[in-house]
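Beneath this line is the structure, given in structure tokens, with notes to follow.
Every read-out reported here was derived from the displayed coordinates using simple, explicitly stated rules and does not represent laboratory data. From a predicted model like this one, the values you see are computed outputs, not experimental measurements. A quick note on method: Cβ atoms are made from the backbone with ideal geometry, for glycine too, and the neighbour counts reach across all protein chains shown.
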């Protein structure tokens, strides 16, 4: 049977990237969260860095997770002081997410 092996350079690069991600998650206190919760956090961070802001609808639309999953996760992050909710100046019904770190 023929197997394709990843060249060692790519394997080493991948290993370095995964180690860097692990260290970032450790620094942000995300290690204890499951993959769904980490994805929600990453989407919040990505939206803030890309668009300058992020609201709950952005997370729901970009994650594919249910509204209840996103809300539960954000509440969990709020309790852990990882994320803050700030009322939008433009639309008082909307809340923007802010990373607490």
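Structure summary
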{"item": "Footprinting exposure proxy for 77, 65 (fewest neighbouring C-beta atoms within 10 Å first)", "result": "65, 77"}
{"item": "In nm, spacing of pseudo-spin labels at residue 66 and residue 10 (7 Å Cα→C-beta vector)", "result": "3.8"}
{"item": "91, 58 arranged by Cβ crowding within 10 Å, fewest neighbours leading", "result": "91, 58"}
{"item": "Cα-derived Rg to Rh of the chain, Kirkwood definition", "result": "1.11"}
{"item": "Using alpha-carbon coordinates, inclination of helix 35-51 to the longest axis of the chain, degrees", "result": "70"}
{"item": "Projected label distance in nm at residue 25 and residue 75, using a 7 Å step from Cα toward the beta-carbon", "result": "2.5"}
{"item": "Length-normalised contact order of the chain in % [C-alpha pairs under 8 Å, at least 6 apart]", "result": "21"}
{"item": "Theoretical ellipticity at 222 nm over the chain - DSSP helices of four or more residues, -39500 (n - 2.57) apiece, nearest 500", "result": "-18500 deg cm²/dmol"}
{"item": "Protection proxy ranking, peptides 42-52, 9-19, average beta carbon neighbours within 10 Å, highest first", "result": "42-52, 9-19"}
{"item": "FRET efficiency for residue 18 and residue 53, using Cβ-Cβ distance with R0 set to 25 Å, rounded to 0.05", "result": "0.25"}
{"item": "Fewest-first ranking of 33, 71, using other Cβ atoms within 10 Å as the exposure measure", "result": "71, 33"}
